[in-house]
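Everything on this sheet refers to the single structure shown next.
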Amino acid sequence: MILEPARRKRPPEDESFVGIRVGVLLIVAFALFGVVALRLWFLQILSGDAYVAVAADNRLREVRVEAPRGVIYDRNGKILVENRAGLTVGILPMAMWNPKKNPQEFAAEISRLAEVLEVPEGDLLAAYDRAKKDPYVTYPVKEDVPEDTVVAYLKEHGEEFPGVQVEKAFVRRYPLKSLATHVLGYVGEISQSELDREEFATLKIGAHIGKDGVERTYDSYLRGTDGWKTVEVDAAGRPKRFLEDVAPAPGANLVLTIDSELQAAAEHAIVEGIQRAHEQGYVNAAGGAVVALDPRNGEVRALASYPDYDPSLWVGGMSKKKFSELNAEQAHQPLFNRALNGLYPAGSTFKPFVAAAALNAGLITPESTFDCSGKFSVAGQTWKDWLQGGHGPGVDLIEAIKESCDVYFYNLGNLLYQQQGPVLQDGVRRFGFGQTTGIDLPGETDKTRVPDKYWKREHGNTAEDKLWKPGDEINLAIGQGDLLVTPMQIAVALAAIANGGTVWVPRLGLRITDASGNVVHQFEHEQRAELGINPRILEVIGEGMILVTSATGGTARAAFEGFPIPVAGKTGTAEKKPDDDYALFMAYAPAGADQVPEIVVVAVIEQGGHGSSVAAPVVRRVLEAYFHTESGGTEIIPVTE
């Protein structure tokens, strides 16, 4: 007999509890399956396109093809800047070693690449930091690399440089070497601050833009439109085939007002002027500037600043060593554009403008005279004339300009001081002094100055210094004191005398053309103001300036001996302590009642001594080049002013 254990009967309420638990489990299971199904539906249906795009991004690469910049010509069609093919080494961050996951491999690759490219590791790391903001785009780290050494090595050791790529590119070429360096400027990689500007909104990191000169001013014309290539790559990031190729659109061409032959003559003339200064004992002379422009419309025919530099140094990136050399004291600031930024006392070149202000105010007439004994005294202070013994009694305006009589203008300054209001200051500001000229180049200084009682009150250190005294006006009347001008300002002002009263905005851009030479845009001449001065006043001043270069006693007569074209000029020797005197000369030609002036030339030789013997011959050389006359003039020019 088999005995079975007694079975306990479940209470009825236990059966219902099991059913509840089974129901809860089923609900949870259905909920979980619902979440999974919903997620699958979201991933496959709603987000499917997005993930397909991400997958395509991992398979496809878009390579930007930078457009070649437009060519820059002089006014006669001679090429000043063009393009040539070059090779650029870049990095593709997504294909390189990850510095967080593989720090040793990444550091080794950067070190090897720095050695091959001969760039500091720090520069490469900085480039990587910029590049990783867009890791799918190749970021250039060294431009214009040699194919037979660097590129060959990188290709041969490709496995050691993952993510390092070599691409074809266009770089700037300068057929005339350093000619017109400060006019042309250079091209460089866009900075982060520049990327934030609205004008560069369409550009990406690694793009190149004009950084200075007309390359910067007319960048939007010269830059062109970049193209791109869509490339299919394998898992290692190596290209397999091109899927799309959109060619870049080259930039438009720029024609300048510059005459390259006149520009070369101006640059050579500065060097010759510095040599003359050395021969005359002014051994500290090392820099200078020349501006030549057309007084009929403001077109700049030459703009030279010395010393200059080779703009090709920027191609491929300026090295820190070379940049330091250019900024060394012994280099005398070759990156500095003296024509637009050099601040100088005008010296006696200022006298014609002072005379115009006094004549226009009715304080004198051309026949008004002052006696010149070689000295002038007022308020217990005495000023000396440059000519010991003076210019004699009864010196009138024309004679004062011809011989650059300081005492005449001392008297004029004292007379102007006695007037109500800033008659002298307002008069010379009509010509553009104390303000920028508006030339189409970046970086023109705004630090020029025509001092008056308001300026001195603001900048004086003591109560005595804040007072505007007779001596301040007297010094200003001969272009000294606290006056500061640029060579370009003098040229613009002199052009207004030469053309009868129009102040032009100087311009370097002449027109924009396409690849076929068709004119896309013609730049208009811009008139800034009219002097509002009686043309007869300007004619009288011109008569005195003609005698400067042609008459006995003219301060630049020796410098223009035998020159076949009538020239109106004015010498200047300016004090700028503690430096040696600065040599200045300004002129326009042809000059005379029946002539239409075509060219204005201004020259400054820093610490060059005398305008008559150093700066005047510089201007003559430029005029010889413009009028195609034979080179002449005496080798040794006696010093006058």
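Given the protein chains as shown and a 1.4 Å probe, how many square angstrom of Val505 are accessible, to the nearest 10?
Per-residue accessible area (Val505): approximately 10 Å².
With the cut-off at 31 Å, tell me which of the pairs Lys132/Lys447; Lys321/Lys577; Lys204/Lys320; Lys78/Lys132; Lys101/Lys204 have Cα atoms farther apart than that.
On the way: Lys132/Lys447 41 Å; Lys321/Lys577 33 Å; Lys204/Lys320 25 Å; Lys78/Lys132 42 Å; Lys101/Lys204 28 Å.
Listed pairs above 31 Å: Lys132/Lys447; Lys321/Lys577; Lys78/Lys132.
Just how large is the dipole of the range 87-169 about the Cα centre, in debye to the nearest 20, putting +1 at every Lys and Arg Cβ and -1 at every Asp and Glu Cβ? Numbers along the way, then the final one.
Numbers: 9 positive and 16 negative charges, 98 e Å.
Value, rounded to 20: 460 debye.
Given the Cα-Cα distance of Glu159 and Gln435 and 0.36 nm per residue of separation, how much length would full extension add, in nm?
On the way: separation 276, 0.36 × 276 = 99.36 nm, distance 6.00 nm.
My answer for the length gained is 93.4 nm.
With contacts defined as alpha carbon pairs under 8 Å and 6 or more residues apart, what's the relative contact order of the chain in percent?
Numbers: 1345 pairs, mean separation 87.6, N = 641.
Reported relative contact order: 14 percent.
Can you give the FRET efficiency to the nearest 0.05 for Glu325 and Ser373, using r as the Cβ-Cβ distance and R₀ = 60 Å?
Working: r = 53 Å, r/R0 = 0.88.
FRET efficiency, Glu325 to Ser373: 0.70.
Specify the angular offset, from 0 to 90 degrees and rounded to the nearest 10, of the alpha carbon long axis of helix 121-131 from the longest principal axis of the alpha carbons in the chain.
70
Quick check: the distance between the Cα centres of the range 91-139 and the range 415-458, to the nearest angstrom?
The range 91-139 and the range 415-458 have Cα centres separated by 53 Å.
Where both residues lie in the chain, what percent of DSSP beta bridges are antiparallel, nearest 5?
Working: 76 of 79 bridges.
If we restrict to bridges inside the chain, about 95 percent are antiparallel.
Expressed as an acute angle from 0 to 90° and rounded to the nearest 10, what is the orientation of the C-alpha long axis of helix 535-550 relative to the principal long axis of the chain?
80
Cβ under 12 Å from Thr202's Cβ, Thr202 left aside: what net charge do those residues give with Lys, Arg +1 and Asp, Glu -1? Let's see the in-between values first.
Numbers: positive: Arg64, Arg197, Lys204, Arg223; negative: Glu198, Glu199, Asp226.
With Lys, Arg at +1 and Asp, Glu at -1, the neighbours total +1.
Sum -39500 (n - 2.57) across every DSSP H segment of at least 4 residues in the chain, then divide by the residue count to get the 222 nm mean residue ellipticity, nearest 500.
Numbers: 21 runs with 212 residues, N = 641.
Using -39500 (n - 2.57) per qualifying helix, the result is -9500 deg cm²/dmol.
Note the angle between two axes, namely the Cα long axis of helix 351-360 and the longest principal axis of the Cα atoms of the chain, as a number of degrees from 0 to 90, rounded to the nearest 10.
It is inclined by approximately 80 degrees.
Quick one: with all protein chains in place, what share of the accessible area of the chain is carbon or sulfur, to the nearest percent (1.4 Å probe)? Numbers along the way, then the final one.
Details: 16240 of 30870 Å².
Answer for the chain is 53 percent, counting heavy atoms of protein chains only.
Nearest 0.05, what FRET efficiency do Glu539 and Val519 give at R0 = 35 Å with Cβ-Cβ as r? Spell out each step's value before the answer.
Values: r = 37 Å, r/R0 = 1.07.
It comes out at approximately 0.40.
How large is log10 of I(q)/I(0) for the chain at q = 0.06, 0.12 Å⁻¹ when the intensity is taken from the Debye formula with one equal scatterer per alpha-carbon?
With no solvent term, the Cα-only Debye profile gives -0.47, -1.16.
For a quick check of understanding: with a 1.4 angstrom probe and all protein chains in place, what accessible area in square angstrom does Asp580 have, to the nearest ten?
Counting only protein heavy atoms, Asp580 exposes about 50 Å² to solvent.
Going by amide H atoms built from the backbone, whose H comes under 5 Å of the H on Arg507, apart from near neighbours?
Here Glu299, Val300 satisfy the definition.
Once the whole set of protein chains is in place, how much accessible area is left on Trp314, using a 1.4 Å probe, in Å² to the nearest 10?
40
Measure out, as a whole number of angstrom, how far apart the alpha-carbon centroids of the range 333-352 and the range 578-641 sit.
15
Under 15 Å between alpha carbons, and skipping anything fewer than 8 positions from Lys375 in its own chain: which aspartates and glutamates qualify?
Asp385, Asp406
Using the heavy atoms of the protein chains alone and a 1.4 angstrom probe, what is the accessible area of the chain per residue in square angstrom?
Details: 30870 Å² over 641 residues.
Dividing the accessible area of the chain by its residue count gives 48 Å².
Ordering Lys570, Lys402, Lys375 by how much accessible area each has at a 1.4 Å probe, largest first, what is the list?
Lys375, Lys402, Lys570
Whose amide H sits under 5 Å from the amide H of Ala207, counting only residues 5 or more places off or on another chain, with H placed in the peptide plane?
Answer set, sorted by chain and number: Ile190.
Using θ = phi - 60° and the Karplus relation 6.51 cos²θ - 1.76 cosθ + 1.60, list the HN-Hα couplings for the range 502-511 in order, rounded to whole Hz, with x at every Gly or Pro.
9, 9, 9, 7, x, 9, 9, x, 9, 6
Express in nm, to one decimal, how much length is gained between Phe30 and Asn98 on full extension, taking 0.36 nm for each residue of separation and deducting their alpha carbon distance. Walk me through the intermediate numbers first.
On the way: separation 68, 0.36 × 68 = 24.48 nm, distance 4.35 nm.
Once the chain is fully extended between Phe30 and Asn98, it gains 20.1 nm.
Kindly write out, for the range 270-280 in residue order, the coupling ³J(HN,Hα) from the Karplus curve 6.51 cos²θ - 1.76 cosθ + 1.60 (θ = phi - 60°), rounded to whole Hz, with x marking Gly and Pro.
4, 4, 4, x, 5, 5, 4, 4, 4, 5, 8
Please list, in order along the range 459-467, the HN-Hα scalar couplings obtained from phi with the Karplus expression 6.51 cos²θ - 1.76 cosθ + 1.60 (θ = phi - 60°), rounded to whole Hz, x for Gly and Pro.
Result, rounded to whole Hz: 10, x, 7, 10, 4, 5, 5, 7, 8.
Find out how many positive minus negative residues lie around Ile270, taking Lys and Arg as positive, Asp and Glu as negative, among other residues whose Cβ is under 12 Å from that of Ile270.
Values: positive: Arg276, Arg338, Arg621; negative: Glu267, Glu272, Asp308, Glu606.
Computed value for this residue: -1.
What does the charge count near Gly251 come to, summing +1 for each Lys or Arg and -1 for each Asp or Glu among other residues with Cβ under 11 Å from its Cβ?
Working: positive: Arg69, Arg223; negative: Glu66, Glu215, Asp219, Asp226, Asp514.
Overall, the nearby charge balance is -3.
The values are calculated or read from the model by the stated rules, or taken from the named source; none is laboratory data. The model shown is predicted, which means the values in this text are computed figures rather than measured ones. Neighbour counts are summed over all protein chains in view; Cβ atoms, including those assigned to glycine, are modelled from backbone coordinates with ideal geometry. Just the protein is used for accessible areas: all its heavy atoms, side chains included, with ligands, DNA and RNA removed. Shrake-Rupley method; radii C 1.70, N 1.55, O 1.52, S 1.80 Å.
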